[in-house]
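The values are calculated or read from the model by the stated rules, or taken from the named source; none is laboratory data. Computed from a predicted structure; not experimentally measured. Every residue, glycine among them, receives a Cβ derived from its backbone with ideal geometry; neighbour counts consider all protein chains shown.
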Amino acid sequence: MSAKQITDLSQLCIHSITTKPWSIEEAAKNYSAEGVKGISVWRDALANRNIKQTGQLLRDIGLNIVSLCRGGFFPDKEKEKRKLAIEDNLKAIEEAAELGAPLIVLVCGADPSQSLNDSRKQIQEGIETILPNAAAAGIKLAIEPLHPMYADTRSAINTLTQANDMAAKINSSSVGVAVDVYHLWWDPFLEKEIIRCGENHHLFSFHICDWNSPTTDMLLDRGLMGDGCIPVNKIRSWVEATGFDGFYEVEIFSDKYWQQDQSQLLKKIIKAYKENS
Ligand code: ZN
């Protein structure tokens with residue numbers, strides 16, 4: 001199965017961190033000028049900003065605000081630190097509401113000084129603690145499974161099966177999952193679990209990029225679609241088969257690309273999106 005070639009940009013969203021050297025205002029202006037329709041905003045891009053006004057600016061320029069990145073990092077052996085994490089997540093919910101973002105992506109966290117199972121329990125507790133505030137604000141929460149190479153400190157949720165299981169256990173229409181091809185492309189159960197997401201109506205986000213081979217950095221060497229070994233088109237076909245009609249979100253952290261001219265990078269992203277996604 002392969003997905004139909006993309007011919008327009010109506011479903012293209014770019015994460016602000018992809019063009020990190022640009023301020024949020026510059027990113028908005030340049031994305032919009034190239035015909036991009038969506039933006040996912042990283043919280044660091046909102047530092048020293050009036051968040052409400054920034055949200056208005058993004059909408060006025062013609063962008064849909066797709067999500068706020070990110071919440072999470074719930075687990076910690078120390079109770080006091082878990083409390084701080086909850087406070088930060090409640091702040092993220094307020095920020096999302098001010099910005100007008102309908103969804104927060106959760107990078108769930110892990111504490112290497114305790115077992116993965118303990119971290120997972122604390123993740124579930126954390127999500128359940130912030131859930132009433134998120135639901136009251138009309139903000140959805142997407143559990144993003146991260147590649148197992150990040151299981152020590154970034155996330156104890158490493159497969160879509162685990163994310164689906166947790167969303168099913170929490171059982172709220174406000175809690176779903178984010179599928180990021182970078183984290184999940186290798187998983188033999190990916191197609192099956194994407195189908196399961198669709199059946200449970202909790203496939204909230206779809207993130208795309210590529211896995212450079214060989215990769216030179218575990219965090220900051222993501223590739224443009226088509227540069228690496230991820231079958232982005234095939235995975236997109238599975239996502240579309242669920243009825244997903246949201247944005248395809250380009251999320252690339254790359255020291256290499258951040259050093260290049262960002263206007264040229266934006267053109268490369270659009271080309272890769274049309275030709276290799
Ligand atoms: Zn992602």
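All conditions in (1) within 12 Å of the ligand (Cβ to nearest atom); (2) surrounded by fewer than 19 Cβ atoms within 10 Å (Cβ to Cβ) hold for residue 177, with the sole exception of (2). Of the residues screened, residue 194 is one that is in contact with a Leu (Cβ under 9 Å, 6 or more places away or on another chain) and either of a type in the set (S, T, N, Q) or buried (at least 18 other Cβ atoms within 10 Å of the Cβ) (or both). Of everything listed in (1) more than 19 Å from the chain's Cα centre (by Cα); (2) within 15 Å of the ligand (Cβ to nearest atom); (3) of a type outside the set (Lys, Arg), the single unmet condition for residue 264 is (2).
Quickly run through segment 141-166 and pick out the residues that are away from the ligand (no atom under 16 Å from the Cβ) and within 17 Å of residue 128 (Cα to Cα). Those that are away from the ligand (no atom under 16 Å from the Cβ) and within 17 Å of residue 128 (Cα to Cα): 156, 164, 165, 166.
With respect to being under 25 Å from residue 97 (Cα atoms) and either modelled with pLDDT under 95 or surrounded by fewer than 19 Cβ atoms within 10 Å (Cβ to Cβ) (or both), residue 144 falls outside the description.
Considering 119, 115, the condition of being without any contact (Cβ under 8 Å) to a residue 24 or more places away in the chain and more than 15 Å from the chain's Cα centre (by Cα) is satisfied by 115 alone.
None of 252, 270, 195 is within 15 Å of the ligand (Cβ to nearest atom) and in contact (Cβ under 8 Å) with a residue 40 or more places away in the chain except 252. Would you confirm whether any residue within segment 126-136 is over 13 Å from the mean Cα position of the chain (by Cα), more than 21 Å from residue 67 (Cα to Cα) and modelled with pLDDT of 95 or more? No, every residue in segment 126-136 fails to be over 13 Å from the mean Cα position of the chain (by Cα), more than 21 Å from residue 67 (Cα to Cα) and modelled with pLDDT of 95 or more. Taking segment 198-219 as the range and being within 24 Å of residue 103 (Cα to Cα) and within 14 Å of the ligand (Cβ to nearest atom) as the test, the residues that pass are 203, 204, 205, 206, 207, 208, 209, 210, 219.
Note on segment 78-112: residues that are within 13 Å of residue 126 (Cα to Cα) and outside any helix (DSSP H, G or I) total 5. Taken as a whole, the condition of being at pLDDT 95 or above, in contact with a Leu (Cβ under 9 Å, 6 or more places away or on another chain) and either over 26 Å from residue 177 (Cα atoms) or part of a helix (DSSP H, G or I) (or both) does not apply to residue 68.
Screening segment 63-104 for residues that are under 20 Å from residue 136 (Cβ atoms) and polar (S, T, N, Q) and picking the one that is surrounded by the fewest Cβ atoms within 10 Å (Cβ to Cβ) gives 89.
Scan segment 151-167 and tell me whether some residue there is in contact (Cβ under 8 Å) with a residue 60 or more places away in the chain, of a type outside the set (Asp, Glu), closer than 15 Å to residue 73 by Cβ and in contact with a Lys or Arg (Cβ under 6 Å, 6 or more places away or on another chain). Yes, some residue in segment 151-167 is in contact (Cβ under 8 Å) with a residue 60 or more places away in the chain, of a type outside the set (Asp, Glu), closer than 15 Å to residue 73 by Cβ and in contact with a Lys or Arg (Cβ under 6 Å, 6 or more places away or on another chain).
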